[in-house]
1. Mind telling me which of the residues Val244, Val236, Val213, Val204 ends up being within 15 Å of Ala309 (Cα to Cα) and not charged (D, E, K, R)?
2. What tally of residues in the range 205-238 results from selecting those that are more than 21 Å from the chain's Cα centre (by Cα) and without any contact (Cβ under 8 Å) to a residue 60 or more places away in the chain?
3. Sort through Lys270, Lys304 and tell me the only one that's among the basic types (Lys, Arg), touching a strand residue (DSSP E or B) at 6+ places or on another chain (Cβ under 9 Å) and either outside any loop (DSSP other than H, G, I, E, B) or surrounded by fewer than 20 Cβ atoms within 10 Å (Cβ to Cβ) (or both).
4. Only one residue in Ala135, Ala192 is in contact (Cβ under 8 Å) with a residue 12 or more places away in the chain and not acidic (Asp, Glu), so which one is that?
5. Can you go through Glu202, Glu214, Glu220 and tell me which one is part of a helix (DSSP H, G or I) and surrounded by fewer than 17 Cβ atoms within 10 Å (Cβ to Cβ)?
6. Filter the range 148-182 for residues that are touching a helix residue (DSSP H, G or I) at 6+ places or on another chain (Cβ under 8 Å) and either farther than 17 Å from Thr102 by Cα or not hydrophobic (A, V, I, L, M, F, W, C) (or both) and give the result.
7. What tally of residues in the range 167-194 results from selecting those that are modelled with pLDDT of 95 or more and over 19 Å from Ala221 (Cα atoms)?
Amino acid sequence: MRALIVGAGAVGRYIAARLKLAGHDPVLLARSPAPAGATGEYVLSMQGAGRWVNVPTAVLGDDPWLRDPFELTAFAVKAYSTAGAIESVRAIAACANSTLLTLQNGLGNEELCAAAFGEDRVVAGALTTAVDKTADGITASNRGGLSIAPVGKLPHNWLIAALALTGIETSAVADWRALKWSKLCINIQANAVCAILDWTPEQVYADARAFSVERRCLLEATEVMRALGLAPVPLVDFPVPLLVAAARMLPAPILRMVLASRVAKARGGKLPSLLIAARQRHTQTEVDALNGAVAQRGGAAGMKTPANAAVARVLDGILGGTIAWDDYRGKPEALISAIG
């Protein structure tokens, strides 16, 4: 199988490496050419062992790696880069008939792809394996896997068979919207609140006030799901229905202990992506596709989602320079006040 992986970050390189090691023919699509002398070789480290792989990297234009047809095109970019990635894929004739797999976090990516290419070509994906960049490649947890669901009427069962030899545990889900909302319930945990407070997940879960915001964000998301007629679904190694049930029923102190352990294992030692983005002074993040999307879709359904709305608004303000980070750094009471 020829596969174009759009995005040469940690997730893109992880998927490309697993495909390569399984005998498939992946190509990474990057925004800029590789440095002179680069070979495309990098290491995939898992369970303490490393495997070197060599995956070609292409850029838009008359690149020889982009001439032969691709059976699969996988989007491994941030949600805010999806529109640009779609335009890139549109410009590649070799992708004209490929299945399109969306690996982005958050909501809205599948709708953009369906509008551009037709829903029958799109498969929604949720990757629950923690991956991170290293000096010579990437490292990946041995936990998690990939859950997929067709956006249109075509089942795309061949994709599960094609992934069988990659070592990526893959599961099929019937409802793609439930799939993406279930992944969102994971992604909003210990993420935006950490970024606003400039705290690690351990610090957030050790503080009852900060954790109360975390819980409100999750409960609001589940209520919007319910209003939309969606039920949480299990993802590989992540029993999301149990997470939702626990958030609704368990006393806060017990829930804090349960989630603190679960979140730490899920992240595999990685700092939250939004906290990294804030510390690196990025001006764009995925918060609008996560907490912001909960608020937007809740509002469209006539529901109030004050916690998610405030979290998205405050983090956007901090990154945009309209809100002083010091007004919220280490101050959970300030975030609670912003929620109202």
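1. Details: Val244 fails: within 15 Å of Ala309 (Cα to Cα); Val236 fails: within 15 Å of Ala309 (Cα to Cα); Val204 fails: within 15 Å of Ala309 (Cα to Cα).
Val213 is the lone residue from the list that is within 15 Å of Ala309 (Cα to Cα) and not charged (D, E, K, R).
2. Here the count works out to 6.
3. Working: Lys304 fails: touching a strand residue (DSSP E or B) at 6+ places or on another chain (Cβ under 9 Å).
Among Lys270, Lys304, only Lys270 is among the basic types (Lys, Arg), touching a strand residue (DSSP E or B) at 6+ places or on another chain (Cβ under 9 Å) and either outside any loop (DSSP other than H, G, I, E, B) or surrounded by fewer than 20 Cβ atoms within 10 Å (Cβ to Cβ) (or both).
4. Working: Ala135 fails: in contact (Cβ under 8 Å) with a residue 12 or more places away in the chain.
Criteria check complete, one pass: Ala192.
5. Working: Glu214 fails: surrounded by fewer than 17 Cβ atoms within 10 Å (Cβ to Cβ); Glu220 fails: surrounded by fewer than 17 Cβ atoms within 10 Å (Cβ to Cβ).
After applying the criteria, what remains is Glu202.
6. Within the range 148-182, Pro150, Gly152, Lys153, Thr166, Gly167, Thr170, Lys180, Ser182 qualify.
7. At the first step, the residues of the range 167-194 found to be modelled with pLDDT of 95 or more are 168-194.
Subset that is over 19 Å from Ala221 (Cα atoms): 168-174.
Going through the range 167-194 one residue at a time, the tally reaches 7.
Condition check ((1) buried (at least 17 other Cβ atoms within 10 Å of the Cβ); (2) free of Cβ contacts under 8 Å to residues at least 40 places away in the same chain) across all residues:
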| position | (1), (2) |
| --- | --- |
| Gly12 | yes, no |
| Ala22 | no, no |
| Ser32 | no, yes |
| Met46 | yes, no |
| Asp62 | no, yes |
| Pro69 | no, no |
| Lys78 | yes, no |
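The values are calculated or read from the model by the stated rules, or taken from the named source; none is laboratory data. All values reported here derive from a predicted model rather than from experimental measurement. Heads up, the Cβs are rebuilt from the backbone with ideal geometry, glycines too, and the neighbour counts pull from every protein chain shown.
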